[in-house]
Structures are given as structure tokens and as C-alpha cells.
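Report on the following structure.
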Amino acid sequence: MSGTAPYAGDIDVLTAWQQISEDPKAVLVDVRTHAEWSYVGMPVLNHPDREVLLVEWLSYPDMAVHGDFADRLLQELADRDVAADSAIYFLCRSGARSRHAAIEMTRRWSGPCFNIAAGFEGDLDDALHRSSCNGWKHAGLPWRQF
């Protein structure tokens, strides 16, 4: 656990990609909704034995927080035999939901929990569009759509 800190901190997408790529125990968790995974796309890890864990923080359409989020994620991690000291990197659209998820999991996980600050789509630009100034997709990191 990280002591008094609510989580290990915010990091940018390129730093997250580098750390996840270099650490075979690191886990990427996408906490967006099923609709976002389906229609906007999802990140991909370039290794055949590694996959992104998809665990919703909120559920569409009511956008209510899953009260059992931590339990569901802990079960996913146990099912994949993830070491308890592994770093977990949380991703959402823009970094807000993933920050909450990192804080929640820091209370229950031994390893560091990071928030990927700009998320999958990034911040809004002046035209109120995403993916044009930062984020996973803007950085050219691998992703796919269903």
C-alpha cells in the first residue's frame, strides 16, 4: 500500500505505455463502459500473453458506480494469477473515473495503482473534441475496435 497517499499518482500515456511494456507483471485496466469499448475502441498491449482487463467503474446508461468494482477486479486479477505487488495502471476516457478506481484499489491492493491522466480519448480541445490534443489514441498507441 502507498501509506497516506490515495494512489501512486497520475502519469501520462507514453510513460504508462513504457512502464507497462517494460514490466511483464504490470496490468492495464480499462474502467470505461462496455459501450465505450464497443464504439470508441480499446487499448491493445503488443504481447500475445497480455491483455487489457475490462472492468467497468460506472455502468451505462445510468452511470452509477459499481459498488463491487474492487471485488470484481480482484477476482479478475486472481483468475489471471497476477502477483499481489504488481503495478496496476487505470485508464478511462479522460482520467477522471480511472483516478477514482486507482484510489479505490490502493485501499485493497499491495502494488502501486496509477491513473493514466489523459485517458484513452484525452482532454477536450477548443472545439470540444477529444483525441486531438492528448490521450492514448492521440499518442498513436495501439488500439482496436470491435
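Read the figures in this text as sums done on the coordinates, not as results from a lab. Remember, predicted model here, so these are calculated numbers, not experimental data. Here the Cβ is made from the backbone with ideal geometry for all residues, glycine too, and neighbour counts use every protein chain on show.
Using only Cα positions of the chain, each an equal point scatterer, no hydration layer, compute I(q)/I(0) via Debye at q = 0.12 Å⁻¹ and quote the log10 values to two decimals.
-0.44
Pull up all non-local amide H partners of residue 115: gap of 5 or more, or a different chain, and H-to-H distance under 5 Å with H placed in the peptide plane.
Result for residue 115 returns 9, 10, 11, 90.
Calculate how many DSSP beta bridges within the range 9-141 are antiparallel, expressed in % of all such bridges and rounded to the nearest 5.
The answer is about 15 percent antiparallel.
With runs of 4+ DSSP H residues as the only contributors, calculate the mean residue ellipticity of the chain at 222 nm using -39,500 (n - 2.57) per run, divided by the residue total and rounded to the nearest 500.
-7500 deg cm²/dmol
For the range 37-82, what ratio Rg/Rh do Cα atoms give with a Kirkwood hydrodynamic radius?
1.02
By count of other Cβ within 10 Å, fewest leading, how are 89, 7, 60 ordered?
Least to most surrounded, the residues fall as 60, 7, 89.
About its Cα centre, what dipole magnitude does the chain give when the only charges are +1 on Lys and Arg Cβ and -1 on Asp and Glu Cβ, stated in debye to the nearest 20?
Here the chain has a charge dipole of around 40 debye.
How would you rank 50, 80, going from fewest to most other Cβ atoms within 10 Å of each one's own Cβ?
80, 50
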